[in-house]
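The values are calculated or read from the model by the stated rules, or taken from the named source; none is laboratory data. Worth saying up front: this structure is predicted, and the values here are computed from it rather than measured. Note: ideal-geometry Cβ built from the backbone for every residue, glycine included; neighbour counts use all protein chains shown.
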Amino acid sequence: MAEAVRLEREDEVAVLVIDSPPVNALGLAVRAGLADGLAAALADDGVKAIVIRAEGRTFPAGADISEFGKPPQDPWLPEVCNRIEASPKPVVAAVHGTALGGGFEVALSAHWRIALASAKVGLPEVTLGILPGAGGTQRTPRLIGAEQALDMMISGKPVPAAKALAMGLLDEVVDDDLPGAALRLARRLIAEGAAPRPTRDRRDGMRDAVAYEQAVAAARKAQGANRLPGPRRIVDCVEAALLLPFDQGLHFERTAFQELVASPEAAGLRHAFFSERRAAKMPEAASPARPVAHVAVVGGGLMGAGIAYACLSAGYNVSLMERDREGLARGLERIAKLQESAVAKGRMSAAQREADWARLSGVMDMAQLAGADLAIEAVFEDFDVKADVLRGLDAVLKPGAVLATNTSYLDVDALAAVTARPADVVGLHFFSPAHVMRLLEIVVGKATAPDAVATGLALAKKLGKVAVRSGVCDGFIGNRILTAYRQVAEFLVEDGATPAQVDRAMRAFGMPLGPFEVSDMAGLQIAWARRKRLAATRDPAKRYVAVADRLCEAGRFGQSTGKGWYRYDGRKAVEDPEVLAIIEAERAAKGITPRSFADAEISTRLMVAMANEGARILAEGIALRPSDIDVVKLFGYGFPRWEGGPMHWADGFGILQLKNAVQDYAEQAPDFWQPAPNLDAMILNGTRFADLNEG
Ligand code: CAA
């Protein structure tokens, strides 16, 4: 028997102990171990009952996702589950940690399920673009009915043990000593002469056909707009569970699983899963983080208040600093509002709000921040303003405190240089709203000490954020790509598309909003101020689209002013002839004859622009690996998860095709459309971005 599963004997009970860190995923060794262990237990006449449990942090957290997309190897998980279920001796699954996906399907094929109170069970396959493929779609409805089964599989959300017990997914929940409790249950079953209770034969949840039909109809309606095929197929499988004999239902499930697992959407979602985890692997992660209990946030605007609220909710003591009484009152008010809304939505208890509020202090004098372990400046995006704050912090903070700047574009090295401790300065780039958006770019300067970076990483973890390491450049990873993306969106508009067409094309690609809708939502003022600042140093030979400037000059600053790239009826964006006239005037002034673009060409150009800029960022060593770039776009910019990110998209598009496309587009703006310097070598060596992800 493979060592990933041990067979132990406790008198008449055989215990199969799964031991395959970190999460006991059901890779080949575990599947083979389970099959062999089961066969041995069945062959042994002295064994009267079987317990399956796991060592370490969790009962299997699922199939081994890294095996998907590779040829399947026997024994398959569905077959292992069938063999467990077919055991003539009662089988008990003892669940702790997170029994997810295939892990929970193993438990479903056992005859009894006992769990620790802290355990969670779930079928999250939908988040990977697939469906439960080891009998989950057939067994779950048999236990708990179609409605709850559909809800569980379509939401993908794990269910805590107490609720799972109430639903009928579990038979018993214990507070401690799960192995002992599982043994006691097995012995009781032996004593009672209990016959195995195969889930396939149970109909507990299938009694009410009307409720079932309603559930299926509701599920179909709810996922109608969802373009991913997973939820649709889950509904089909649950229908099969009701209408077909068990084995036919299993066959139906298998066919649907195989169709989904090979889909590009599932590949994109798998890539997203592993990329998120890989991003935390930065060289500085090996350094010990500096201890942080007290966080100072300078600036009580939307961003500062959001950061302060997130830090409070994560348990830090927080000082919020503003220059004057009014500013401070507004900042504190913002935090109070965020708390209120969390309480109203049931995400925070009133007692928690009180406790958090007690850990917050508002200050107007920087000297009062002296005790902070980490200070984050979130003041206006202007070098001199930020430099002043950092100088002030440098003067008062204790030695060893980390000074973080939340700049989105500015040179972190130059900002660090205004302090006497550049090694303690790091960029922590939050995304708005800071308490919601999961991305945190950790910008590492020339002088930044590894343990200052590790401190940022530890903060991200505590705030539940996904941290990505970025080097210093204008806009870091995310905003630099955004700049290229917007640039091309504006070229397209000046060359003949309308803003509405560009937005529609990108929504069809999967973005929640198109570039102009986003621009209107965020407001056009900050970018305008930045363009004005950079105007003196702009290269006149480079193509410059001035439509946004004209909009700002006309007082069209986006949604907040009721008009921008669109006119707003309430929150509804309406195409505005005034904007189209401004665009036409710009075209006429430059002598551009407008041409038409198909939506697909628009989205391809924008994707090529993102991927090419991403490749450049990689070539310059700003990002550690292509998947980090994908993570930035997925978690900070609403990039559709099933597309995996721009670099994953580029692998699908082809590296040679990427370079050719850039060259084809060159007539649009020769200065902009230059292939990234690393593409040639990649083409020559047959390298894809995915090949550069390890490490
Ligand atoms: N397959 C392969 N590797 C897995 C894995 C899986 N199912 N689940 C987790 N891992 C790996 C992670 O990649 C990570 O590896 P590294 O340390 O090398 O980065 C390691 O296990 C630890 O994972 P986390 O960092 O995520 O640890 P966590 O404690 O924060 O979370 C978890 C643990 C809740 C189990 C989380 O990892 C998770 O949600 N895993 C995926 C669960 C899942 O989707 N299961 C369904 C799989 S599909 C399936 O089972 C299909 C089927 O029907 C047959």
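Computed quantities for the displayed model
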| read-out | value |
| --- | --- |
| Those residues of region 262-275 which are in a helix (DSSP H, G or I) and within 14 Å of the ligand (Cβ to nearest atom), in sequence order | A266, A267, L269, R270, H271, A272, F273, F274, S275 |
| Test set (1) within 15 Å of the ligand (Cβ to nearest atom); (2) surrounded by fewer than 19 Cβ atoms within 10 Å (Cβ to Cβ) - R6 fails condition number | (1) |
| Test: L250 is touching a Phe, Trp or Tyr at 6+ places or on another chain (Cβ under 7 Å) and not assigned by TED's automatic domain parsing to the domain that holds S627 | no |
| Per-region count, region 576-603, residues loosely packed, with under 14 Cβ neighbours inside 10 Å and farther than 25 Å from E667 by Cα | 2 |
| Counted residues, region 10-32 - those being within 24 Å of A181 (Cβ to Cβ) and within 16 Å of the ligand (Cβ to nearest atom) | 8 |
| Test: residue in region 665-684 that is closer than 28 Å to A280 by Cα and crowded, with 24+ Cβ neighbours inside 10 Å | no |
| Single condition A256 does not satisfy, out of (1) at pLDDT 70 or above; (2) out of contact with any Cys (no Cβ under 8 Å at 6 or more places or on another chain) | (2) |
| Residues located in region 534-575, provided they are loosely packed, with under 13 Cβ neighbours inside 10 Å, of a type outside the set (D, E) and in contact (Cβ under 8 Å) with a residue 40 or more places away in the chain | A541, K542 |
| Total residues in region 276-304, condition within 16 Å of the ligand (Cβ to nearest atom), outside any helix (DSSP H, G or I) and hydrophobic (A, V, I, L, M, F, W, C) | 2 |
| Condition check for D45: away from the ligand (no atom under 16 Å from the Cβ), assigned to a helix (DSSP H, G or I) and at pLDDT 95 or above | no |
| Qualifying residues in region 20-33 (those that are in contact with a helix residue (DSSP H, G or I) (Cβ under 9 Å, 6 or more places away or on another chain) and part of a loop (DSSP other than H, G, I, E, B)) - the one surrounded by the most Cβ atoms within 10 Å (Cβ to Cβ) | N24 |
| Helices (runs of 4 or more DSSP H) lying entirely in region 513-568 (those with 2 or more residues that are at pLDDT 95 or above) | 515-522, 547-553 |
| Helices (runs of 4 or more DSSP H) within region 314-432 that include 3 or more residues closer than 30 Å to R531 by Cβ and without any contact (Cβ under 8 Å) to a residue 40 or more places away in the chain | 325-344, 383-396, 412-417 |
| All strands (runs of 3 or more DSSP E) inside region 62-173 with 2 or more residues being touching a residue at least 40 places away in the same chain (Cβ under 8 Å), within 16 Å of the ligand (Cβ to nearest atom) and buried (at least 24 other Cβ atoms within 10 Å of the Cβ) | 91-95, 98-100 |
| R57 assigned to a helix (DSSP H, G or I) and either within 11 Å of the ligand (Cβ to nearest atom) or of a type outside the set (A, V, I, L, M, F, W, C) (or both) | no |
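Okay, residues lined up against (1) farther than 13 Å from V632 by Cβ; (2) in the same structural domain as G614 (by TED's automatic domain parsing); (3) out of contact with any Leu (no Cβ under 7 Å at 6 or more places or on another chain); (4) of a type in the set (D, E, K, R):
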site: V418; (1), (2), (3), (4): yes, no, no, no
site: S432; (1), (2), (3), (4): yes, no, no, no
site: I442; (1), (2), (3), (4): no, no, no, no
site: G445; (1), (2), (3), (4): yes, no, yes, no
site: G464; (1), (2), (3), (4): yes, no, yes, no
site: L492; (1), (2), (3), (4): yes, yes, yes, no
site: A505; (1), (2), (3), (4): yes, yes, yes, no
site: G514; (1), (2), (3), (4): yes, yes, yes, no
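The rows are residues; the columns are (1) in a helix (DSSP H, G or I); (2) modelled with pLDDT under 95; (3) closer than 30 Å to G564 by Cα.
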site: I442; (1), (2), (3): no, no, no
site: L457; (1), (2), (3): yes, no, no
site: A484; (1), (2), (3): yes, no, yes
site: E490; (1), (2), (3): yes, no, yes
